[in-house]
Amino acid sequence: MGIGASIFLLALGAILAFAVEADISGLDIGVIGWILMVAGLAGLIITLWFWNSRRRTVVTRPAQHPAATTGYTTEYREVRRDDVPPPPPPAYS
């Protein structure tokens with residue numbers, strides 16, 4: 001369930017719980033509204049947690065060329081993901 005569906009369930013549940021005053025035999029509209037709001041909130045929390053766990057880590061390390069005699073360094077940027085093995089370091093020739 002995405003953020004849009006979660007917000008939709010929250011809004012629909014709030015409408016049913018607070019704005020609708022219909023009487024249906026054997027069915028409480030207010031309780032159904034609260035159930036939809038709880039389901040929407042749970043879906044929103046799970047979606048945000050899932051997106052947060054997939055965040056990438058960026059590591060920047062200085063690397064000095066082994067044959068460099070001038071004394072300057074170069075930097076390269078490495079983007080890591082937990083589910084993908086890191087690439088091998090760059091080869092200097």
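The values are calculated or read from the model by the stated rules, or taken from the named source; none is laboratory data. Predicted model, so just to flag it, every value in this text is computed and none were measured. We place every Cβ from the backbone using ideal geometry, glycine too, and count neighbours over all the protein chains shown.
So here's what we get for this one:
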item	result
Condition met for Pro62 (modelled with pLDDT under 65 and in a strand (DSSP E or B))	yes
Unmet criterion (only one of (1) touching a helix residue (DSSP H, G or I) at 6+ places or on another chain (Cβ under 7 Å); (2) assigned to a helix (DSSP H, G or I); (3) of a type outside the set (Phe, Trp, Tyr)) for Ala11	(1)
Residues of region 1-37 satisfying the condition of being of a type in the set (S, T, N, Q) and either touching a Phe, Trp or Tyr at 6+ places or on another chain (Cβ under 9 Å) or surrounded by fewer than 13 Cβ atoms within 10 Å (Cβ to Cβ) (or both)	Ser25
Test: Arg81 is in contact with a Lys or Arg (Cβ under 6 Å, 6 or more places away or on another chain), at pLDDT below 95 and of a type outside the set (Asp, Glu)	yes
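The rows are residues; the columns are (1) modelled with pLDDT of 65 or more; (2) under 32 Å from the mean Cα position of the chain (by Cα).
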| position | (1), (2) |
| --- | --- |
| Gly26 | yes, no |
| Val31 | yes, yes |
| Ile35 | yes, yes |
| Ile45 | yes, yes |
| Trp49 | yes, yes |
| Tyr72 | no, no |
